[in-house]
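Structure first, commentary second.
The values are calculated or read from the model by the stated rules, or taken from the named source; none is laboratory data. Treat the numbers as computed from the prediction; the structure is a model and nothing was measured. All Cβ positions, glycine included, derive from the backbone under ideal geometry; neighbour counts span all protein chains shown.
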Amino acid sequence: MIKIKHVSIFLVFGLIISMSFSVATPVKSLSFTGGFYSVQNLRYSCSSMCTYWVHGANAWNNISTKVHSSRHYGVDSDGHARLYGTTTTVSGLLGQVFPYTQYGVGVDPIYDGTGTGRWVFAIGVLYTNNLTSDQMRRAVAVHEFGHILSQKHNSYTNSVMYPSYGTNRLLPSNYDKGSLITRWGN
Ligand SMILES: [Zn+2]
């Protein structure tokens, strides 16, 4: 999930979760142990906003030999990640990822928690009515695809996983690349 501005309360899976960020608080973990079993050959299908989703997926390729995703053009339900754009009535909400496990949606607090569940597939959404520029669409797609790769929010303002849009965090930083390698291997 990513929002335009720094917020202290936001909506995830119907639950209100309080969050507070402080740059002085060290972040011990930037990824969570749950997610896909492997992302070495991750297939994603896309039905709209695909230019941006492809950008978002490619931004995480070629960092780790264990992480590679490519677009799947067949039946949508064959994709590990199913990506599209739609509109929202939630002010400032830019994008979201909904993981599905064998138990159903939402068992993993993927954004800021320590989810351990194994995903069967995930749905990624860009909220087009709140994305006001090309650059913003690209940046949010990178952020949301980071969640698909088990990356969670952090408090480093130059990280693409910082939970708000900013022109200083458009692509994975060295910090983000290290976090990806920590999660999946080199
Ligand atoms: Zn997020």
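Computed values, structure above
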item: Selection count, the range 75-94, where residues are modelled with pLDDT under 70 and part of a loop (DSSP other than H, G, I, E, B); result: 0
item: Selection count where residues are farther than 18 Å from residue 43 by Cβ and either touching a residue at least 60 places away in the same chain (Cβ under 8 Å) or of a type in the set (Val, Ile, Thr) (or both), scope the range 82-100; result: 10
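Okay, residues lined up against (1) at pLDDT below 95; (2) within 12 Å of the ligand (Cβ to nearest atom); (3) part of a loop (DSSP other than H, G, I, E, B):
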site: 96; (1), (2), (3): yes, yes, no
site: 108; (1), (2), (3): yes, no, yes
site: 112; (1), (2), (3): yes, yes, yes
site: 122; (1), (2), (3): yes, no, no
site: 140; (1), (2), (3): no, yes, no
site: 157; (1), (2), (3): yes, no, yes
site: 167; (1), (2), (3): no, no, yes
site: 171; (1), (2), (3): no, no, yes
site: 180; (1), (2), (3): no, no, no
